[in-house]
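> This is the structure I want to talk about, given as structure tokens.
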Amino acid sequence: MIEIEGLTKNFGRISAVSGIDLRVHKGEVLGFLGPNGAGKSTTMKMIAGYLSPTSGRVSICGHDVENDTIAAQAKLGYLPEGAPAYGDMTPRQFLHFIARVRGFSGAAAKAKAAEAAAKTELEPVLEQPIDTLSKGFKRRVGLAQAILHDPPTLVMDEPTDGLDPNQKHSVRKLIQAMAKEKAIIISTHLLEEVDAVCTRAVIIDKGRIVADGTPQSLLARSRHHNAVTLTLPADLVPVAKEKLAALPGVLSVEDVSRTNGVATITAFPRASTLIIEDVSGLASHEKWDVKELYAEAGRLDEVFRALTTHDTQRLRERRAGAAA
Amino acid sequence: MKQAMAIFKREFAAYFATPLAYVFIVIFLFAMGAFTFYVGRFYENGLADLSVFFGYHPWLYLFLVPAVGMRLWADERRTGTVELLLTLPIPVWATVLGKFLAAWAFCAVALVLTFPIWITVNVLGNPDNGVILASYIGSLLMAGGYLAISAAISATTDNQVIAFVVSVAVCFLFTIAGAALVIDFFQLWAPVVLVNTISSFSFLTHFQAITSGVIDLRDLIFFASLIALFLAVNVVLIDLKKMS
């Protein structure tokens, strides 16, 4: 539904996006991740037809965004960064305006505006000027205008930014409810959001895709994937570390924390081997007084940092670590 | 066209959503009255026509019309709504046209509200109402010319103050293109054709022709084509911003 080929954007001599290829199909929710300035918003602006690419192309439902702009834009719902809206209008007026521009008229326009407001739970503030609304409501006004025409594709730049946990939850539920029928791209800084709503995660850095896969496959790249963490009395730690390290599947054992005579340690596996059974077997065989023992799925933030921390920065961190 | 209409309605309502519209209209009417009656000595002239009144229009428009046009695009860029507007499925020309027409309609409202002076002159004497009607039409067209220039300049910046100042400067050049100040400068070195072309762009010359009662189609066409030209420039400027 959304096809991106060799998408490149240069601002003068600065290259913001360089050669992104992506295909997003119906039923997919693609989480677009990357540090600030990685090119997420620029890519989304090009998909929406706000910026022209330096090279490469985007098509939405078969319509080329550069040459068949209007048809492509009609098939797309777009939430720009910061969810801009006309502050002097009320949500009702604003959504009605969007409906009319989207080609609905009269009763149909009113119905579409009301439907979008209901889906995003805007009813309590429909008659207040948008300028006077809280950040959460403003964001939902932006969401409402994006989904108003029930588009087959949806591109949203940080849809849950500025929302409280309850609002985040309801927006995620809304996205999930629409997911089956649409191709959706959302950008986010929140890694938990990827877990919560995305079927696919793409990490970009310096304008290039550095990872593309299901959230599970990205987690599998984490050092913590299948690692086992145990909590046990601190005096057992030296023995436990030694015995755990001797297990065939274990690569290394590290201290995590130590408080009030209780310590937490993590055993990292060699090449994602499943070591949970060996570790728990060992613990019961040795009769350690284990308070807690669990296998980790992996940590997305770790994968994210590993893929997007640049060499110079990594070097600096390593030096700082060595000095300590 | 339906979409241009939706843009028009939103823009037009936006003027009245803030105090801007009322401030503008009050100042416009006050200034018109002050210039006509005090500076222009409307009563002392003892003439039953509105030439004094219309004579000040170019100079008032020079400052007031850029104030109407400056927000058209600059404000959208500042608040980020331009991204929303340009990703809606509307051709850029329809957006440009809708915005321009809304601002122009607003100018028309202000102009129509000067009607008491028309009543005054009809009470006091027997003016040529044909000439007055033509002058009103000419005045509206001239306002459209200033506005098209201001809108195009507004599309180049996200700062309304810059949009205003640059618009006033450019509008000033168009206003006095036929005056000695400009012509003398060009006559020293430029070929006659160029000098004539420049002076033919003068708002003052065209507008004075209309208000003197000589209705020449060419003067109307001048303003209409100038509006069309600057709306086209506006569309091109919006498209260029996408490339940057």
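Derivation of every value follows stated rules applied to the coordinates shown; laboratory data play no part. Keep in mind that what you see is a predicted model, and the values were worked out from it rather than measured. Reconstructed Cβ throughout: ideal geometry from the backbone, glycine too, with neighbour counts over all protein chains shown.
> Could you give the distance between the Cα centres of the stretch B:121-200 and the stretch A:212-280, to the whole Å?
79 Å
> With everything on Cα atoms, drop me the angle between helix A:165-179 and the longest principal axis of chain A, reported from 0 to 90° to the nearest 10.
For A:165-179 against chain A, the angle is about 70 degrees.
> Using θ = phi - 60° and the Karplus curve 6.51 cos²θ - 1.76 cosθ + 1.60, what whole-Hz ³J(HN,Hα) does each residue of the stretch A:70-78 get, with Gly and Pro shown as x?
3J(HN,Hα) across the stretch A:70-78, in whole Hz: 4, 5, 5, 5, 5, 8, 10, x, 10.
> Mind checking the angle between helix B:57-69 and chain B's longest principal axis? C-alpha axes, 0 to 90 degrees, to the nearest 10.
20 degrees
> According to the Cα gyration tensor, what semi-axes, each the square root of 5 times an eigenvalue, does the equivalent ellipsoid of the protein assembly as shown have, listed from largest to smallest in whole Å?
Details: eigenvalues 875, 117, 85 Å².
Equivalent ellipsoid semi-axes, largest first: 66, 24, 21 Å.
> While we're looking at this one, here's another question. For peptide A:36-48, compute the average count of partner chain beta-carbon atoms within 10 Å of each residue's beta-carbon.
Details: counts 0, 0, 0, 0, 0, 1, 0, 0, 1, 4, 1, 1, 5.
So the per-residue partner count for this stretch is 1.
> Please build a GNM for chain A, connecting alpha carbons under 10 Å apart, and tell me which residue among A:302, A:292, A:121 fluctuates the most.
A:292
> Taking K and R as +1 and D and E as -1, what net charge do the other residues with C-beta under 10 Å from the C-beta of residue A:1 add up to?
On the way: positive: A:23, A:26, A:75, A:182; negative: A:3, A:28.
Net charge in that neighbourhood comes out at +2.
> Rounded to the nearest 5, what is the percent of antiparallel bridges among the DSSP beta bridges in the stretch A:93-245? If you can, show how the numbers build up before the last one.
Working: 5 of 10 bridges.
Within the stretch A:93-245, antiparallel bridges account for around 50 percent of the total.
> When chain B is treated as a GNM, springs tying every alpha-carbon pair under 10 Å, which of B:167, B:212, B:139 comes out with the largest mean-square fluctuation?
Most flexible of the set in this elastic network: B:212.
> Sort A:150-158, A:167-175 by the packing proxy (mean of other Cβ within 10 Å over each peptide's residues), most packed first. List each step's numbers first, then the result.
Numbers: A:150-158: 22.2, A:167-175: 18.1.
Listed from highest to lowest mean packing, they are A:150-158, A:167-175.
> Could I get the Rg over Rh figure for the stretch A:2-219? Both from C-alpha atoms, Rh via Kirkwood, rounded to two places.
Values: Rg = 16.8 Å, Rh = 17.5 Å.
Answer for the stretch A:2-219: 0.96.
> Using the Cα centre as the reference, give the magnitude of the dipole from point charges on the C-beta atoms of chain A (Lys, Arg: +1; Asp, Glu: -1; all else neutral), rounded to the nearest 20 debye. Please report the intermediate quantities before stating the final value.
Working: 40 positive and 39 negative charges, 120 e Å.
With Lys and Arg at +1 and Asp and Glu at -1, about 580 debye.
> Kindly flag which residue pairs out of B:9/B:241; A:75/A:182; A:182/B:242 have an alpha-carbon separation exceeding 22 Å in this structure.
Values: B:9/B:241 25 Å; A:75/A:182 11 Å; A:182/B:242 27 Å.
Where the Cα-Cα span goes over 22 Å, the pairs concerned are B:9/B:241; A:182/B:242.
> Ignore the peptide's own chain and count Cβ atoms of other chains within 10 Å of each Cβ in B:86-96; give me the average, rounded. Write out the running numbers ahead of the final one.
Details: counts 8, 17, 12, 13, 7, 2, 2, 0, 2, 1, 0.
Partner-chain Cβ atoms within 10 Å, mean over residues of B:86-96: 6.
> With a cap of 14 neighbouring Cβ atoms within 10 Å, and only residues DSSP puts in a loop, list the chymotrypsin sites (Phe, Trp or Tyr not before Pro) found in the stretch B:128-192.
Answer in residue order: B:189.
> For the stretch A:228-296, what size does the Cα cloud have along each of its three principal axes, sorted from largest down, in whole Å?
Principal axes ranked by extent give 33, 23, 19 Å for the Cα atoms.
> Report the FRET efficiency, 1/(1 + (r/R0)^6), for residue A:66 and residue A:173, where r is their Cβ-Cβ distance and R0 is 51 Å, rounded to 0.05.
Numbers: r = 35 Å, r/R0 = 0.69.
It comes to 0.90.
> Where both residues lie in the protein assembly as shown, what percent of DSSP beta bridges are antiparallel, nearest 5? Present the calculation step by step, with values, prior to reporting the outcome.
Values: 38 of 55 bridges.
DSSP beta bridges in the protein assembly as shown are roughly 70 percent antiparallel.
> Within a 10 angstrom radius of each residue's Cβ in B:186-193, how many Cβ atoms of other chains show up on average? Whole number is fine. Display every interim value, and only then the final one.
Working: counts 0, 0, 0, 0, 0, 0, 0, 0.
Shielding by partners across B:186-193 averages 0.
> Take the Cα pairs of chain B, get the Kirkwood Rh, then feed it into Stokes-Einstein at 25 °C and 0.890 mPa s and tell me D in µm²/s. Before the final figure, lay out the partial values.
Values: Rh = 18.9 Å.
In µm²/s, the coefficient is 130.
> Can you pull the one-decimal nm distance between simple spin-label points at residue B:30 and residue B:221, each 7 Å off the Cα toward Cβ?
Each label point lies 7 Å from its Cα, and together they span 4.3 nm.
> Working from Cα positions, state the angle (0 to 90°, nearest 10) between the long axis of helix B:115-124 and the longest principal axis of chain B.
10 degrees
> Going by amide H atoms built from the backbone, whose H comes under 5 Å of the H on residue A:200, apart from near neighbours?
Here A:29, A:31 satisfy the definition.
> What are the ³J(HN,Hα) values, in whole Hz, obtained from phi via the Karplus relation 6.51 cos²θ - 1.76 cosθ + 1.60 with θ = phi - 60°, for each residue of the stretch A:102-119 in sequence order, with x given for Gly and Pro?
7, x, 8, 9, x, 5, 4, 4, 4, 5, 4, 4, 5, 5, 5, 5, 5, 4
> Let me ask something additional. Stretched out fully, how many nm does the piece from residue A:107 to residue A:254 gain, at 0.36 nm a residue minus the Cα gap?
Values: separation 147, 0.36 × 147 = 52.92 nm, distance 6.53 nm.
The span from residue A:107 to residue A:254 would gain 46.4 nm if fully extended.
> Among DSSP beta bridges lying fully in chain A, give the percent that are antiparallel, nearest 5.
Numbers: 38 of 55 bridges.
The antiparallel fraction comes to roughly 70 percent.
> Sort A:189, A:224 so that the residue with the fewest other Cβ atoms within 10 Å of its own Cβ comes first and the one with the most comes last. Before the final figure, lay out each step's value.
Details: A:189 14, A:224 19.
By the 10 Å Cβ count, ascending: A:189, A:224.
> So what J values fall out for the stretch A:198-213 if you push phi through Karplus, 6.51 cos²θ - 1.76 cosθ + 1.60 with θ = phi - 60°, rounded to Hz, Gly and Pro as x?
These are the phi-based 3J(HN,Hα) values: 8, 9, 8, 10, 10, 9, 10, 8, 6, x, 10, 7, 10, 7, 8, x Hz.
> In nanometres, what is the gap between the two model label sites at residue A:25 and residue B:120, each 7 Å from Cα along Cα-to-Cβ?
Taking the two extended label points, one gets 7.6 nm.
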